[in-house]
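Enquirer: Here's a structure for you.
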Amino acid sequence: MGDQMDAAFKTTGSKWLLPVSEYFGFPLDQVNFLACQLFGLAAAFWFRLYLSPSHASPLVRHAVATLLGITFVIFCFGWYSAHLLTVVLSSYLIIIKADINNVHRYSMVMAMGYLTVCQISRVFIFNYGILSTDFSGPLMIVTQKITTLAFQLHDGMCKKPEELSPEQKRQAVNERPSLTEYLSYNLNFLSVLVGPCNNYKDYVDFIEGRHIRRRLSQHSGTCNGQNGYDKMPDPSPVSAVCHKLLVCCGCMLFFLIVTRSLPISYNADTDFVSHAPFLTRLTYAFFSIQAARPKFYFAWTLADAINNGAGYGFKGIDENGKPSWDLICNLNIWGIETATSFKTFIDNWNIQTGVWLKTVCYDRAPRYRVELTFILSALWHGVYPGYYFTFITAIPITMAARAIRKNFRHHFLCSRGVKLVYDIITWAATQLAICYTVMPFLLLAVEPTMVYYRSMYFHVHIISILVAFALHQKHKPRDPCAATKTFSSSSSSSSFCSPSSRLSQCQAAHSNNNVKGD
(Lines give C-alpha, C1' and ligand atoms only; values in the text may rest on other atoms or scores of the structure.)
Protein backbone atom coordinates (compact mmCIF):
# COMPACT_ATOMS: atom_id res chain seq x y z
CA MET A 1 0.00 0.00 0.00
CA GLY A 2 2.84 2.34 0.85
CA ASP A 3 4.52 1.65 -2.48
CA GLN A 4 1.28 2.48 -4.30
CA MET A 5 0.99 5.77 -2.46
CA ASP A 6 4.62 6.61 -3.26
CA ALA A 7 3.96 5.85 -6.92
CA ALA A 8 0.90 8.08 -6.91
CA PHE A 9 2.87 11.08 -5.71
CA LYS A 10 6.06 10.62 -7.72
CA THR A 11 7.25 12.89 -10.49
CA THR A 12 10.33 13.36 -12.63
CA GLY A 13 10.11 17.11 -12.02
CA SER A 14 10.02 19.46 -9.04
CA LYS A 15 8.79 18.27 -5.64
CA TRP A 16 8.08 21.74 -4.29
CA LEU A 17 4.35 21.12 -4.46
CA LEU A 18 4.42 17.70 -2.78
CA PRO A 19 2.54 19.01 0.32
CA VAL A 20 -0.24 20.29 -1.97
CA SER A 21 -0.32 16.94 -3.77
CA GLU A 22 -0.63 15.01 -0.51
CA TYR A 23 -3.25 17.36 0.91
CA PHE A 24 -5.60 17.12 -2.06
CA GLY A 25 -4.77 13.53 -2.97
CA PHE A 26 -3.74 14.28 -6.56
CA PRO A 27 -0.61 12.85 -8.22
CA LEU A 28 2.29 15.27 -8.01
CA ASP A 29 2.90 15.28 -11.77
CA GLN A 30 -0.68 16.50 -12.30
CA VAL A 31 -0.32 19.16 -9.61
CA ASN A 32 2.89 20.44 -11.23
CA PHE A 33 1.22 20.50 -14.64
CA LEU A 34 -1.82 22.40 -13.38
CA ALA A 35 0.35 24.87 -11.46
CA CYS A 36 2.36 25.65 -14.59
CA GLN A 37 -0.76 26.07 -16.71
CA LEU A 38 -2.39 28.42 -14.19
CA PHE A 39 0.80 30.41 -13.89
CA GLY A 40 0.97 30.40 -17.69
CA LEU A 41 -2.55 31.85 -17.85
CA ALA A 42 -1.52 34.76 -15.61
CA ALA A 43 1.73 35.17 -17.55
CA ALA A 44 -0.23 35.23 -20.82
CA PHE A 45 -2.21 38.31 -19.75
CA TRP A 46 0.97 39.97 -18.53
CA PHE A 47 2.61 39.11 -21.86
CA ARG A 48 -0.26 40.71 -23.80
CA LEU A 49 -0.54 43.86 -21.67
CA TYR A 50 3.05 44.64 -20.70
CA LEU A 51 5.07 42.94 -23.42
CA SER A 52 2.79 43.86 -26.30
CA PRO A 53 4.43 44.63 -29.67
CA SER A 54 4.06 48.35 -28.89
CA HIS A 55 6.02 47.97 -25.64
CA ALA A 56 8.62 45.32 -26.50
CA SER A 57 10.60 44.27 -29.54
CA PRO A 58 10.01 40.89 -31.22
CA LEU A 59 13.38 39.72 -29.88
CA VAL A 60 12.30 40.39 -26.30
CA ARG A 61 8.93 38.71 -26.82
CA HIS A 62 10.60 35.66 -28.39
CA ALA A 63 13.15 35.44 -25.57
CA VAL A 64 10.63 35.77 -22.73
CA ALA A 65 8.23 33.23 -24.28
CA THR A 66 11.11 30.77 -24.73
CA LEU A 67 12.57 31.17 -21.24
CA LEU A 68 9.18 30.73 -19.59
CA GLY A 69 8.53 27.63 -21.69
CA ILE A 70 11.86 26.05 -20.79
CA THR A 71 11.22 26.84 -17.12
CA PHE A 72 7.87 25.07 -17.30
CA VAL A 73 9.28 21.87 -18.80
CA ILE A 74 12.15 21.76 -16.31
CA PHE A 75 9.72 22.27 -13.42
CA CYS A 76 7.41 19.51 -14.68
CA PHE A 77 9.90 16.94 -16.01
CA GLY A 78 13.31 17.66 -14.49
CA TRP A 79 16.22 16.28 -16.48
CA TYR A 80 13.82 14.63 -18.95
CA SER A 81 13.31 18.11 -20.39
CA ALA A 82 16.73 17.62 -21.99
CA HIS A 83 14.98 15.45 -24.59
CA LEU A 84 12.98 18.44 -25.82
CA LEU A 85 16.04 20.68 -26.00
CA THR A 86 18.02 17.98 -27.79
CA VAL A 87 15.44 17.33 -30.51
CA VAL A 88 14.76 21.05 -31.08
CA LEU A 89 18.45 21.98 -31.36
CA SER A 90 19.16 18.98 -33.59
CA SER A 91 16.27 19.95 -35.83
CA TYR A 92 17.56 23.51 -36.08
CA LEU A 93 20.93 22.20 -37.27
CA ILE A 94 19.07 20.33 -40.01
CA ILE A 95 17.14 23.47 -40.91
CA ILE A 96 20.26 25.60 -41.39
CA LYS A 97 22.77 22.99 -42.64
CA ALA A 98 20.83 20.47 -44.72
CA ASP A 99 20.01 20.72 -48.40
CA ILE A 100 16.77 22.68 -48.58
CA ASN A 101 15.40 20.20 -51.11
CA ASN A 102 15.53 17.45 -48.50
CA VAL A 103 15.12 19.40 -45.25
CA HIS A 104 11.54 18.17 -44.78
CA ARG A 105 12.58 14.54 -45.16
CA TYR A 106 15.53 14.82 -42.78
CA SER A 107 13.43 16.67 -40.22
CA MET A 108 10.63 14.10 -40.36
CA VAL A 109 13.00 11.15 -39.97
CA MET A 110 14.96 12.78 -37.15
CA ALA A 111 11.98 14.09 -35.17
CA MET A 112 9.81 10.97 -35.56
CA GLY A 113 12.81 8.71 -34.98
CA TYR A 114 13.78 10.49 -31.77
CA LEU A 115 10.18 10.48 -30.58
CA THR A 116 9.84 6.75 -31.28
CA VAL A 117 13.06 5.94 -29.42
CA CYS A 118 11.83 7.95 -26.45
CA GLN A 119 8.42 6.26 -26.60
CA ILE A 120 10.08 2.83 -26.58
CA SER A 121 12.34 3.73 -23.66
CA ARG A 122 9.31 5.17 -21.86
CA VAL A 123 7.62 1.75 -21.97
CA PHE A 124 10.60 0.12 -20.27
CA ILE A 125 11.18 2.99 -17.82
CA PHE A 126 7.61 3.17 -16.53
CA ASN A 127 6.52 -0.41 -17.40
CA TYR A 128 2.93 0.69 -18.14
CA GLY A 129 2.72 2.50 -14.79
CA ILE A 130 3.16 5.75 -16.70
CA LEU A 131 2.74 9.19 -15.27
CA SER A 132 -0.28 10.93 -16.72
CA THR A 133 1.81 13.99 -17.61
CA ASP A 134 5.25 12.64 -18.54
CA PHE A 135 7.74 14.23 -20.95
CA SER A 136 6.44 12.42 -24.04
CA GLY A 137 3.43 14.77 -24.32
CA PRO A 138 5.50 17.93 -24.95
CA LEU A 139 7.84 15.89 -27.15
CA MET A 140 4.88 14.90 -29.33
CA ILE A 141 3.85 18.55 -29.70
CA VAL A 142 7.41 19.61 -30.55
CA THR A 143 7.58 16.84 -33.18
CA GLN A 144 4.48 18.26 -34.85
CA LYS A 145 5.95 21.77 -34.89
CA ILE A 146 9.34 20.68 -36.18
CA THR A 147 7.89 18.74 -39.09
CA THR A 148 5.22 21.34 -39.89
CA LEU A 149 7.81 24.11 -40.21
CA ALA A 150 10.16 21.89 -42.23
CA PHE A 151 7.48 21.13 -44.82
CA GLN A 152 6.35 24.76 -44.96
CA LEU A 153 9.96 25.88 -45.39
CA HIS A 154 10.37 23.42 -48.25
CA ASP A 155 7.15 24.73 -49.82
CA GLY A 156 8.34 28.33 -49.63
CA MET A 157 11.92 27.84 -50.81
CA CYS A 158 11.72 24.95 -53.26
CA LYS A 159 8.31 24.82 -54.88
CA LYS A 160 6.70 27.08 -57.43
CA PRO A 161 3.45 28.79 -56.38
CA GLU A 162 1.42 26.83 -58.94
CA GLU A 163 2.58 23.57 -57.31
CA LEU A 164 1.02 24.52 -53.97
CA SER A 165 -2.54 24.45 -52.73
CA PRO A 166 -4.06 27.76 -51.56
CA GLU A 167 -3.47 26.83 -47.91
CA GLN A 168 0.12 25.76 -48.60
CA LYS A 169 0.75 29.10 -50.31
CA ARG A 170 -0.58 30.98 -47.28
CA GLN A 171 1.61 29.06 -44.85
CA ALA A 172 4.77 28.71 -46.96
CA VAL A 173 7.91 30.04 -45.23
CA ASN A 174 10.33 31.82 -47.56
CA GLU A 175 13.43 32.06 -45.35
CA ARG A 176 15.10 30.03 -42.65
CA PRO A 177 14.17 31.16 -39.11
CA SER A 178 16.76 32.49 -36.69
CA LEU A 179 17.66 30.41 -33.65
CA THR A 180 15.64 32.72 -31.39
CA GLU A 181 12.57 32.42 -33.60
CA TYR A 182 12.94 28.65 -33.87
CA LEU A 183 13.29 28.11 -30.12
CA SER A 184 10.37 30.44 -29.43
CA TYR A 185 8.10 28.69 -31.92
CA ASN A 186 8.83 25.24 -30.49
CA LEU A 187 9.27 25.96 -26.77
CA ASN A 188 7.10 28.99 -25.98
CA PHE A 189 5.20 28.79 -22.70
CA LEU A 190 1.81 29.11 -24.41
CA SER A 191 1.90 25.66 -25.96
CA VAL A 192 4.97 23.77 -24.75
CA LEU A 193 3.08 21.51 -22.31
CA VAL A 194 -0.18 20.68 -24.13
CA GLY A 195 0.01 22.38 -27.50
CA PRO A 196 -1.70 22.80 -29.76
CA CYS A 197 0.50 22.74 -32.82
CA ASN A 198 0.17 25.90 -34.89
CA ASN A 199 1.61 27.38 -38.06
CA TYR A 200 4.94 29.18 -37.91
CA LYS A 201 3.78 32.22 -39.89
CA ASP A 202 0.76 32.67 -37.61
CA TYR A 203 3.01 32.52 -34.54
CA VAL A 204 5.53 35.01 -35.94
CA ASP A 205 2.67 37.34 -36.89
CA PHE A 206 1.51 37.15 -33.26
CA ILE A 207 4.96 37.90 -31.86
CA GLU A 208 5.54 40.80 -34.25
CA GLY A 209 2.08 42.31 -33.76
CA ARG A 210 0.50 41.52 -37.14
CA HIS A 211 -1.73 38.64 -36.06
CA ILE A 212 -5.01 40.44 -35.35
CA ARG A 213 -4.58 43.24 -37.91
CA ARG A 214 -3.96 40.77 -40.71
CA ARG A 215 -7.04 38.72 -39.95
CA LEU A 216 -9.24 41.79 -39.62
CA SER A 217 -7.99 43.08 -42.96
CA GLN A 218 -8.67 39.70 -44.55
CA HIS A 219 -12.23 39.78 -43.25
CA SER A 220 -12.62 43.32 -44.50
CA GLY A 221 -11.39 42.21 -47.91
CA THR A 222 -14.10 39.55 -48.15
CA CYS A 223 -16.66 42.32 -47.58
CA ASN A 224 -15.12 44.69 -50.18
CA GLY A 225 -13.68 46.84 -47.42
CA GLN A 226 -17.10 48.18 -46.45
CA ASN A 227 -17.43 46.87 -42.91
CA GLY A 228 -14.66 48.89 -41.25
CA TYR A 229 -13.26 45.88 -39.38
CA ASP A 230 -9.76 46.72 -40.55
CA LYS A 231 -10.03 50.06 -38.73
CA MET A 232 -11.52 48.83 -35.44
CA PRO A 233 -9.40 48.51 -32.27
CA ASP A 234 -7.91 45.13 -31.52
CA PRO A 235 -10.66 43.00 -29.97
CA SER A 236 -10.14 41.82 -26.40
CA PRO A 237 -9.86 38.09 -25.70
CA VAL A 238 -11.17 38.42 -22.13
CA SER A 239 -14.70 37.24 -22.92
CA ALA A 240 -13.43 34.20 -24.85
CA VAL A 241 -10.98 33.33 -22.08
CA CYS A 242 -13.67 33.56 -19.39
CA HIS A 243 -15.98 31.33 -21.40
CA LYS A 244 -13.27 28.71 -21.84
CA LEU A 245 -12.34 28.85 -18.16
CA LEU A 246 -15.98 28.16 -17.26
CA VAL A 247 -15.83 25.10 -19.52
CA CYS A 248 -12.66 24.04 -17.70
CA CYS A 249 -14.39 24.38 -14.32
CA GLY A 250 -17.29 22.23 -15.52
CA CYS A 251 -14.91 19.58 -16.83
CA MET A 252 -12.97 19.56 -13.57
CA LEU A 253 -16.15 19.09 -11.52
CA PHE A 254 -17.27 16.28 -13.81
CA PHE A 255 -13.88 14.62 -13.44
CA LEU A 256 -13.95 14.82 -9.65
CA ILE A 257 -17.55 13.63 -9.30
CA VAL A 258 -18.03 11.16 -12.16
CA THR A 259 -14.82 10.17 -13.92
CA ARG A 260 -13.01 8.91 -10.83
CA SER A 261 -15.94 6.63 -10.01
CA LEU A 262 -15.87 4.94 -13.44
CA PRO A 263 -12.33 3.57 -13.90
CA ILE A 264 -11.51 2.37 -17.40
CA SER A 265 -9.57 -0.62 -16.04
CA TYR A 266 -12.80 -2.14 -14.70
CA ASN A 267 -13.77 -3.00 -18.29
CA ALA A 268 -11.04 -5.66 -18.23
CA ASP A 269 -11.64 -6.84 -14.67
CA THR A 270 -11.91 -10.63 -14.82
CA ASP A 271 -14.59 -10.87 -12.14
CA PHE A 272 -16.72 -8.18 -13.84
CA VAL A 273 -16.29 -9.74 -17.28
CA SER A 274 -17.10 -13.22 -15.99
CA HIS A 275 -20.28 -12.41 -14.08
CA ALA A 276 -21.84 -9.28 -15.60
CA PRO A 277 -24.32 -9.71 -18.49
CA PHE A 278 -23.30 -8.46 -21.92
CA LEU A 279 -25.62 -5.43 -21.80
CA THR A 280 -24.20 -4.45 -18.41
CA ARG A 281 -20.67 -4.68 -19.75
CA LEU A 282 -21.62 -2.69 -22.83
CA THR A 283 -23.33 -0.01 -20.75
CA TYR A 284 -20.40 0.35 -18.37
CA ALA A 285 -17.96 0.57 -21.28
CA PHE A 286 -20.07 3.30 -22.88
CA PHE A 287 -20.33 5.46 -19.76
CA SER A 288 -16.72 4.94 -18.67
CA ILE A 289 -15.48 6.12 -22.08
CA GLN A 290 -17.84 9.11 -21.97
CA ALA A 291 -16.54 9.95 -18.50
CA ALA A 292 -12.91 9.75 -19.62
CA ARG A 293 -13.25 12.62 -22.10
CA PRO A 294 -13.53 15.64 -19.72
CA LYS A 295 -9.89 15.42 -18.66
CA PHE A 296 -8.92 15.97 -22.31
CA TYR A 297 -11.53 18.70 -22.63
CA PHE A 298 -10.03 20.39 -19.59
CA ALA A 299 -6.40 20.26 -20.74
CA TRP A 300 -7.05 21.39 -24.32
CA THR A 301 -9.53 24.12 -23.40
CA LEU A 302 -7.19 25.54 -20.75
CA ALA A 303 -4.34 25.54 -23.27
CA ASP A 304 -6.55 27.41 -25.73
CA ALA A 305 -7.46 29.95 -23.05
CA ILE A 306 -3.78 30.56 -22.30
CA ASN A 307 -3.03 31.28 -25.95
CA ASN A 308 -6.04 33.59 -26.17
CA GLY A 309 -5.02 35.39 -22.99
CA ALA A 310 -1.74 36.32 -24.65
CA GLY A 311 -3.60 37.63 -27.68
CA TYR A 312 -2.97 34.60 -29.90
CA GLY A 313 -5.63 32.53 -31.62
CA PHE A 314 -7.76 35.27 -33.16
CA LYS A 315 -9.54 33.82 -36.18
CA GLY A 316 -11.49 36.83 -37.37
CA ILE A 317 -15.08 38.03 -37.28
CA ASP A 318 -17.74 35.31 -37.24
CA GLU A 319 -21.04 35.30 -39.14
CA ASN A 320 -22.69 37.22 -36.29
CA GLY A 321 -20.16 40.04 -36.49
CA LYS A 322 -18.43 39.03 -33.25
CA PRO A 323 -14.71 38.35 -32.71
CA SER A 324 -13.82 34.66 -32.81
CA TRP A 325 -10.83 33.31 -30.88
CA ASP A 326 -10.90 29.74 -32.17
CA LEU A 327 -8.01 29.76 -34.67
CA ILE A 328 -6.04 27.10 -32.77
CA CYS A 329 -8.88 25.56 -30.77
CA ASN A 330 -8.22 21.83 -30.41
CA LEU A 331 -11.72 20.47 -29.99
CA ASN A 332 -15.43 21.12 -30.38
CA ILE A 333 -17.14 19.55 -27.38
CA TRP A 334 -20.66 19.89 -28.76
CA GLY A 335 -19.56 18.39 -32.07
CA ILE A 336 -17.98 15.45 -30.26
CA GLU A 337 -20.90 14.66 -27.99
CA THR A 338 -23.50 14.97 -30.77
CA ALA A 339 -21.48 13.31 -33.54
CA THR A 340 -23.63 11.16 -35.82
CA SER A 341 -20.69 9.65 -37.68
CA PHE A 342 -17.20 8.38 -37.05
CA LYS A 343 -15.89 11.09 -39.36
CA THR A 344 -17.70 13.89 -37.53
CA PHE A 345 -16.31 12.72 -34.19
CA ILE A 346 -12.75 12.74 -35.51
CA ASP A 347 -13.30 16.13 -37.15
CA ASN A 348 -13.97 17.67 -33.75
CA TRP A 349 -11.42 15.77 -31.64
CA ASN A 350 -7.75 16.84 -31.37
CA ILE A 351 -8.30 19.01 -34.41
CA GLN A 352 -4.81 20.44 -34.78
CA THR A 353 -3.31 16.96 -34.89
CA GLY A 354 -5.67 16.23 -37.79
CA VAL A 355 -4.46 19.40 -39.51
CA TRP A 356 -0.85 18.33 -38.92
CA LEU A 357 -1.46 14.87 -40.38
CA LYS A 358 -2.99 16.44 -43.45
CA THR A 359 -0.18 18.99 -43.78
CA VAL A 360 2.76 16.59 -43.55
CA CYS A 361 1.31 13.30 -44.79
CA TYR A 362 -2.08 13.14 -46.47
CA ASP A 363 -1.49 16.08 -48.84
CA ARG A 364 2.01 14.85 -49.69
CA ALA A 365 1.63 11.08 -50.13
CA PRO A 366 1.51 10.03 -53.82
CA ARG A 367 -0.70 7.03 -52.98
CA TYR A 368 -2.07 5.03 -50.04
CA ARG A 369 -2.84 8.33 -48.36
CA VAL A 370 -5.32 7.03 -45.81
CA GLU A 371 -3.17 4.05 -44.81
CA LEU A 372 0.00 6.12 -44.46
CA THR A 373 -1.86 8.74 -42.44
CA PHE A 374 -3.13 6.09 -40.02
CA ILE A 375 0.40 4.67 -39.69
CA LEU A 376 1.94 8.07 -38.99
CA SER A 377 -0.78 8.83 -36.44
CA ALA A 378 -0.14 5.53 -34.66
CA LEU A 379 3.65 6.03 -34.61
CA TRP A 380 3.24 9.57 -33.31
CA HIS A 381 1.02 8.47 -30.44
CA GLY A 382 3.52 5.88 -29.19
CA VAL A 383 4.37 2.21 -29.05
CA TYR A 384 1.89 0.86 -26.54
CA PRO A 385 0.02 -2.03 -28.20
CA GLY A 386 -3.35 -0.54 -27.31
CA TYR A 387 -2.69 2.41 -29.61
CA TYR A 388 -2.24 0.08 -32.57
CA PHE A 389 -5.34 -1.93 -31.70
CA THR A 390 -7.26 1.35 -31.83
CA PHE A 391 -5.93 2.49 -35.19
CA ILE A 392 -6.21 -0.95 -36.81
CA THR A 393 -9.78 -1.25 -35.57
CA ALA A 394 -10.57 2.19 -36.99
CA ILE A 395 -9.76 1.07 -40.55
CA PRO A 396 -12.65 -1.41 -41.11
CA ILE A 397 -15.02 0.90 -39.19
CA THR A 398 -14.09 3.77 -41.49
CA MET A 399 -14.55 1.60 -44.57
CA ALA A 400 -17.94 0.39 -43.31
CA ALA A 401 -18.99 3.94 -42.48
CA ARG A 402 -18.13 5.13 -45.95
CA ALA A 403 -20.03 2.24 -47.53
CA ILE A 404 -23.11 2.85 -45.39
CA ARG A 405 -23.15 6.54 -46.24
CA LYS A 406 -22.87 5.95 -49.99
CA ASN A 407 -25.49 3.22 -50.06
CA PHE A 408 -28.14 4.27 -47.57
CA ARG A 409 -27.94 7.88 -46.41
CA HIS A 410 -29.65 9.33 -49.48
CA HIS A 411 -32.80 7.35 -48.65
CA PHE A 412 -33.26 9.38 -45.44
CA LEU A 413 -32.98 12.91 -46.85
CA CYS A 414 -36.51 13.29 -48.26
CA SER A 415 -38.17 13.93 -44.89
CA ARG A 416 -36.97 15.81 -41.85
CA GLY A 417 -38.70 13.34 -39.58
CA VAL A 418 -37.02 10.37 -41.20
CA LYS A 419 -33.71 12.23 -41.16
CA LEU A 420 -34.11 12.80 -37.41
CA VAL A 421 -34.61 9.08 -36.84
CA TYR A 422 -31.54 8.41 -38.98
CA ASP A 423 -29.50 10.90 -36.92
CA ILE A 424 -30.56 9.30 -33.62
CA ILE A 425 -29.64 5.83 -34.83
CA THR A 426 -26.32 6.95 -36.28
CA TRP A 427 -25.52 8.91 -33.10
CA ALA A 428 -25.96 5.78 -30.97
CA ALA A 429 -23.99 3.64 -33.44
CA THR A 430 -21.19 6.21 -33.61
CA GLN A 431 -20.83 6.55 -29.85
CA LEU A 432 -20.77 2.78 -29.36
CA ALA A 433 -18.25 2.37 -32.18
CA ILE A 434 -16.04 5.09 -30.67
CA CYS A 435 -16.28 3.40 -27.28
CA TYR A 436 -15.20 0.05 -28.74
CA THR A 437 -12.41 1.61 -30.80
CA VAL A 438 -10.92 3.85 -28.13
CA MET A 439 -10.96 1.36 -25.25
CA PRO A 440 -7.58 -0.27 -26.13
CA PHE A 441 -6.06 3.20 -26.40
CA LEU A 442 -6.77 3.69 -22.69
CA LEU A 443 -6.08 0.11 -21.57
CA LEU A 444 -2.65 0.23 -23.30
CA ALA A 445 -1.57 -3.40 -22.91
CA VAL A 446 -2.41 -6.50 -24.97
CA GLU A 447 -3.87 -8.64 -22.17
CA PRO A 448 -6.57 -6.23 -20.90
CA THR A 449 -7.40 -5.30 -24.50
CA MET A 450 -8.02 -8.92 -25.44
CA VAL A 451 -10.05 -9.45 -22.27
CA TYR A 452 -12.23 -6.52 -23.29
CA TYR A 453 -12.56 -7.61 -26.92
CA ARG A 454 -13.54 -11.14 -25.89
CA SER A 455 -16.10 -9.75 -23.46
CA MET A 456 -17.60 -7.82 -26.39
CA TYR A 457 -17.41 -10.90 -28.66
CA PHE A 458 -15.46 -8.82 -31.22
CA HIS A 459 -18.86 -7.66 -32.47
CA VAL A 460 -17.74 -4.31 -33.94
CA HIS A 461 -14.87 -5.96 -35.83
CA ILE A 462 -17.17 -8.58 -37.27
CA ILE A 463 -20.01 -6.22 -38.19
CA SER A 464 -17.77 -3.57 -39.77
CA ILE A 465 -15.82 -6.10 -41.86
CA LEU A 466 -19.00 -7.79 -43.08
CA VAL A 467 -20.65 -4.45 -43.92
CA ALA A 468 -17.58 -3.14 -45.73
CA PHE A 469 -17.28 -6.36 -47.73
CA ALA A 470 -20.98 -6.64 -48.55
CA LEU A 471 -21.34 -3.04 -49.67
CA HIS A 472 -18.04 -2.76 -51.49
CA GLN A 473 -18.49 -1.17 -54.93
CA LYS A 474 -22.24 -1.12 -54.43
CA HIS A 475 -22.73 2.63 -54.69
CA LYS A 476 -26.29 3.49 -55.56
CA PRO A 477 -27.19 6.78 -57.28
CA ARG A 478 -28.64 9.42 -55.04
CA ASP A 479 -32.41 9.79 -54.84
CA PRO A 480 -33.56 12.81 -56.90
CA CYS A 481 -35.43 14.17 -53.90
CA ALA A 482 -32.13 14.48 -52.07
CA ALA A 483 -30.90 16.85 -54.73
CA THR A 484 -33.98 19.07 -54.45
CA LYS A 485 -33.90 19.40 -50.70
CA THR A 486 -31.09 21.10 -48.85
CA PHE A 487 -30.31 20.30 -45.27
CA SER A 488 -27.39 22.55 -44.47
CA SER A 489 -27.46 22.18 -40.72
CA SER A 490 -24.59 20.50 -38.97
CA SER A 491 -26.66 17.42 -38.24
CA SER A 492 -27.41 16.82 -41.90
CA SER A 493 -23.77 17.16 -42.86
CA SER A 494 -22.65 14.93 -40.03
CA SER A 495 -22.61 11.63 -41.85
CA PHE A 496 -20.34 8.70 -42.25
CA CYS A 497 -17.30 9.56 -44.32
CA SER A 498 -13.81 8.34 -45.04
CA PRO A 499 -10.64 9.57 -43.30
CA SER A 500 -9.66 11.27 -46.54
CA SER A 501 -12.79 13.41 -46.41
CA ARG A 502 -12.23 14.03 -42.72
CA LEU A 503 -8.71 15.24 -43.30
CA SER A 504 -9.64 17.41 -46.26
CA GLN A 505 -12.50 19.02 -44.39
CA CYS A 506 -10.41 19.42 -41.25
CA GLN A 507 -7.95 21.65 -43.06
CA ALA A 508 -10.69 23.60 -44.73
CA ALA A 509 -12.69 23.94 -41.54
CA HIS A 510 -9.87 24.70 -39.19
CA SER A 511 -7.00 26.28 -41.09
CA ASN A 512 -8.70 28.63 -43.53
CA ASN A 513 -8.42 32.29 -42.62
CA ASN A 514 -12.16 32.86 -42.76
CA VAL A 515 -13.29 29.83 -40.82
CA LYS A 516 -12.65 28.14 -37.54
CA GLY A 517 -9.21 26.65 -37.02
CA ASP A 518 -8.61 23.87 -34.26
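Enquirer: Hey, F77 hits all of (1) assigned to a helix (DSSP H, G or I); (2) of a type in the set (F, W, Y); (3) out of contact with any Pro (no Cβ under 9 Å at 6 or more places or on another chain) but one; which does it fall short on?
Expert: It fails just one condition, (3).
Enquirer: Show the residue pairs meeting these rules: Cβ distance below 7 Å; 6+ apart or different chains; first residue within the range 415-440 and of a type in the set (D, E, K, R); second residue modelled with pLDDT of 95 or more.
Expert: none
Enquirer: Still on this structure, I have one more. Filter the helices (runs of 4 or more DSSP H) completely within the range 139-215 down to those with at least 2 residues that are of a type outside the set (F, W, Y), closer than 19 Å to F314 by Cα and touching a helix residue (DSSP H, G or I) at 6+ places or on another chain (Cβ under 7 Å). Give the steps one after another, and end with the answer.
Expert: Values: elements: 166-171, 179-187, 200-208.
Here the list reads 166-171, 200-208.
Enquirer: Another question, if that's okay. Filtering the range 224-249 down to residues that are part of a helix (DSSP H, G or I) and at pLDDT below 95, which residue is farthest from the chain's Cα centre (by Cα)? Give the steps one after another, and end with the answer.
Expert: Going residue by residue through the range 224-249, those that are part of a helix (DSSP H, G or I) are 229-231, 238-249.
Imposing the further condition that a residue be at pLDDT below 95 reduces the set to 229-231.
Numbers: Y229: 31, D230: 31, K231: 34 Å.
In this case the residue turns out to be K231.
Enquirer: Of the conditions (1) within 21 Å of I328 (Cα to Cα); (2) at pLDDT 90 or above; (3) in a helix (DSSP H, G or I), F255 satisfies every one except a single condition; which number is it?
Expert: The number of the failed condition is (1).
Enquirer: If you don't mind, another one. Is there any pair linking a residue in the range 137-159 that is without any contact (Cβ under 8 Å) to a residue 24 or more places away in the chain to one that is outside any helix (DSSP H, G or I) and aliphatic (A, V, I, L, M), with Cβ under 8 Å and at least six apart or on different chains, and which?
Expert: From the range 137-159, the pairs are D155/L164; D155/A172; D155/V173; G156/A172; G156/V173; K159/A172.
Enquirer: Residue check: is R105 basic (K, R), over 21 Å from E181 (Cβ atoms) and open to solvent by 30 Å² or more (accessible area, probe 1.4 Å)?
Expert: Yes; evaluated as a whole, the condition is true for this residue.
Enquirer: Residues of the range 119-155 being surrounded by fewer than 22 Cβ atoms within 10 Å (Cβ to Cβ), within 21 Å of the chain's Cα centre (by Cα) and at pLDDT 90 or above, which ones?
Expert: G137, M140, listed by residue number.
Rundown of residues vs (1) among the basic types (K, R); (2) under 28 Å from the mean Cα position of the chain (by Cα); (3) open to solvent by less than 60 Å² (accessible area, probe 1.4 Å); (4) at pLDDT 95 or above, yes/no style:
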position: A429; (1), (2), (3), (4): no, yes, yes, no
position: L444; (1), (2), (3), (4): no, yes, yes, no
position: M456; (1), (2), (3), (4): no, no, yes, yes
position: S464; (1), (2), (3), (4): no, yes, yes, no
position: V467; (1), (2), (3), (4): no, no, yes, no
position: A470; (1), (2), (3), (4): no, no, no, no
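Enquirer: List, please: which pairs have Cβ atoms under 7 Å, are six or more places apart or on different chains, and start with a residue in the range 42-67 that is of a type outside the set (S, T, N, Q) and surrounded by fewer than 15 Cβ atoms within 10 Å (Cβ to Cβ) and end with one that is modelled with pLDDT of 95 or more and not in a helix (DSSP H, G or I)?
Expert: Partner pairs satisfying both residue conditions: V60/L51.
Enquirer: Any residue at all in the range 95-102 that is open to solvent by 40 Å² or more (accessible area, probe 1.4 Å) and within 27 Å of S52 (Cα to Cα)?
Expert: The answer is no; no qualifying residue exists.
Enquirer: Continuing with the same structure: Considering every residue within the range 184-207, establish whether at least one is more than 18 Å from T66 (Cβ to Cβ) and among the hydroxyl-bearing types (S, T, Y).
Expert: no
Enquirer: Restricting to the range 372-418, name every residue that is aromatic (F, W, Y) and open to solvent by less than 50 Å² (accessible area, probe 1.4 Å). Walk me through how you get there before you give the answer.
Expert: Just the residues of the range 372-418 that are aromatic (F, W, Y), to begin with: 374, 380, 384, 387-389, 391, 408, 412.
Across the range 372-418, the qualifying residues are F374, W380, Y384, Y387, F391.
Enquirer: For the range 283-305, give me each residue that is open to solvent by less than 40 Å² (accessible area, probe 1.4 Å) and over 23 Å from N348 (Cβ atoms).
Expert: Result: Y284, single match.
Enquirer: Residues to consider are C506, C497; find the one that is crowded, with 21+ Cβ neighbours inside 10 Å, within 30 Å of Y312 (Cβ to Cβ) and modelled with pLDDT under 85. Spell out the reasoning first.
Expert: Values: C497 fails: within 30 Å of Y312 (Cβ to Cβ).
Only one candidate qualifies: C506.
The values are calculated or read from the model by the stated rules, or taken from the named source; none is laboratory data. Computed from a prediction, not measured in an experiment: that's the story for all the values here. Quick reminder, even Gly has a Cβ in these numbers, built from the backbone with ideal geometry, and neighbours come from all protein chains shown. Heads up: the accessible areas ignore ligands, DNA and RNA and are worked out on the full protein's heavy atoms, side chains in. Shrake-Rupley method; radii C 1.70, N 1.55, O 1.52, S 1.80 Å.
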